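Heads up, the thing below is written out as structure tokens.
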Amino acid sequence: MKNLVAITQPDFFPWLGSIEKIAATDTFIFLDHVTNRPNDGLWTKRVKVILNGEPKWLGVSLKKDPEREFVPINEMVIDYENKFQVKHLSSIKQNYGKAPFFKDVFPLVEEVYEAGHTLIAKFNGHFILSLCKKLHISTQVFYSSEMKPASNSNELLIELVKMVNGDAYLHGEGSLDYLNPALWEKENICLVPQKFTHPVYPQFNTKEFQKGLSVIDALMNCGFEQTSALLRRPEDFR
């Protein structure tokens, strides 16, 4: 295994499992050319954080395209009209203001909101790539929309992996429900299960540990260095 690849959509303030997928691979691809409904409950636009001691949704408003029900992720437009960004920053500051690493982490979060990105894929990519630098993640990152693949389904993933000269694909455990191992074996691409185990870390503002939250929660509680130490790297999958 020389080039381990992972592919996921560009999620909004992703959870730790998604960040580990980037950290654990040699090459990572944002799957941003595929279509979805902007008004559906997509991870592209929402995630859970701790608000008032409980996991609550934090969501970005997206504009509905009057001519298309399904829109490519890289064309989904953020709707700032209801000033969600002001509400988000206020909620994060109010609920994490006393977290051990708030002063270190909040400027990174604030920077993304204040960048004024028009497209959600660029908003999410800004945060993820900036975070990768903070977490010492050196994975090479591509956007599928810039690669212009021609396939669909399993063939699409295989095509993308081959386009970056990958010989192994890191996937979530649930992915085997739709992956066809025979197709990957035919292309000499090894399927590698991530088998992510959610780490338990101190959460200053909860009674019981809540997993599956945005990485923002781990960052606020653990800081950049300790969060980086929670993530497995490519050598852990060799």
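Okay, here's what the table says:
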{"quantity": "Cross-chain or 6+ apart pairs with Cβ under 8 Å, the stretch 1-12 first and modelled with pLDDT of 95 or more, then of a type in the set (F, W, Y) and assigned to a loop (DSSP other than H, G, I, E, B)", "calculated": "Q9/W43; D11/W43; F12/W43"}
{"quantity": "Odd one out for H136, checked against (1) loosely packed, with under 14 Cβ neighbours inside 10 Å; (2) free of Cβ contacts under 8 Å to residues at least 24 places away in the same chain", "calculated": "(2)"}
{"quantity": "Failed item, numbered, when Y178 is tested on (1) within 23 Å of D104 (Cα to Cα); (2) open to solvent by 90 Å² or more (accessible area, probe 1.4 Å)", "calculated": "(1)"}
{"quantity": "Cβ-Cβ under 7 Å pairs, at least 6 apart or on other chains, the stretch 28-55 side under 24 Å from V161 (Cβ atoms), far side open to solvent by 70 Å² or more (accessible area, probe 1.4 Å)", "calculated": "T35/F70; N36/F70"}
{"quantity": "Residues (hydrophobic (A, V, I, L, M, F, W, C) and within 24 Å of D236 (Cβ to Cβ)) located in the stretch 180-215", "calculated": "W184, I189, C190, L191, V192, F196, V200, F209, L213, V215"}
{"quantity": "Counted residues, the stretch 1-10 - those being surrounded by 22 or more Cβ atoms within 10 Å (Cβ to Cβ) and farther than 14 Å from P193 by Cα", "calculated": "1"}
{"quantity": "Considering residues of the stretch 164-175 that are out of contact with any Lys or Arg (no Cβ under 9 Å at 6 or more places or on another chain) and without any contact (Cβ under 8 Å) to a residue 40 or more places away in the chain only, the residue surrounded by the most Cβ atoms within 10 Å (Cβ to Cβ)", "calculated": "S175"}
{"quantity": "Restricting the stretch 109-133 to residues that are free of Cβ contacts under 8 Å to residues at least 40 places away in the same chain and open to solvent by less than 40 Å² (accessible area, probe 1.4 Å), the residue that is nearest to the chain's Cα centre (by Cα)", "calculated": "S130"}
{"quantity": "Number of the condition not met by L231 [criteria: (1) surrounded by fewer than 16 Cβ atoms within 10 Å (Cβ to Cβ); (2) out of contact with any Cys (no Cβ under 7 Å at 6 or more places or on another chain); (3) not small (G, A, S)]", "calculated": "(1)"}
{"quantity": "Failed criterion for N82 (all others in (1) at pLDDT below 95; (2) surrounded by 17 or more Cβ atoms within 10 Å (Cβ to Cβ) hold)", "calculated": "(2)"}
{"quantity": "Residues satisfying the stated conditions in the stretch 39-61, i.e. in a strand (DSSP E or B), of a type outside the set (D, E) and either out of contact with any helix residue (DSSP H, G or I) (no Cβ under 7 Å at 6 or more places or on another chain) or under 15 Å from Y113 (Cβ atoms) (or both)", "calculated": "R46, V47, K48, V49, P55, K56, W57, L58, G59"}
{"quantity": "Filtered residues of the stretch 78-104 (kept if assigned to a loop (DSSP other than H, G, I, E, B) and more than 22 Å from the chain's Cα centre (by Cα))", "calculated": "E81, N82, K83, G97, K98, A99, P100"}
{"quantity": "Answer from N188, N221 - the residue that is modelled with pLDDT of 95 or more, of a type in the set (S, T, N, Q) and under 20 Å from L4 (Cβ atoms)", "calculated": "N188"}
{"quantity": "E155 being acidic (D, E) and surrounded by fewer than 16 Cβ atoms within 10 Å (Cβ to Cβ)", "calculated": "yes"}
{"quantity": "Test for I92: is it surrounded by 16 or more Cβ atoms within 10 Å (Cβ to Cβ), farther than 18 Å from L58 by Cα and of a type outside the set (D, E, K, R)", "calculated": "no"}
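The values are calculated or read from the model by the stated rules, or taken from the named source; none is laboratory data. The model shown is predicted, which means the values in this text are computed figures rather than measured ones. In this analysis, Cβ positions are derived from the backbone assuming ideal geometry, glycine residues included, and neighbour counts consider all displayed protein chains. To get the accessible areas, we keep the full protein, side chains included, count just its heavy atoms, and leave off ligands, DNA and RNA. Shrake-Rupley method; radii C 1.70, N 1.55, O 1.52, S 1.80 Å.
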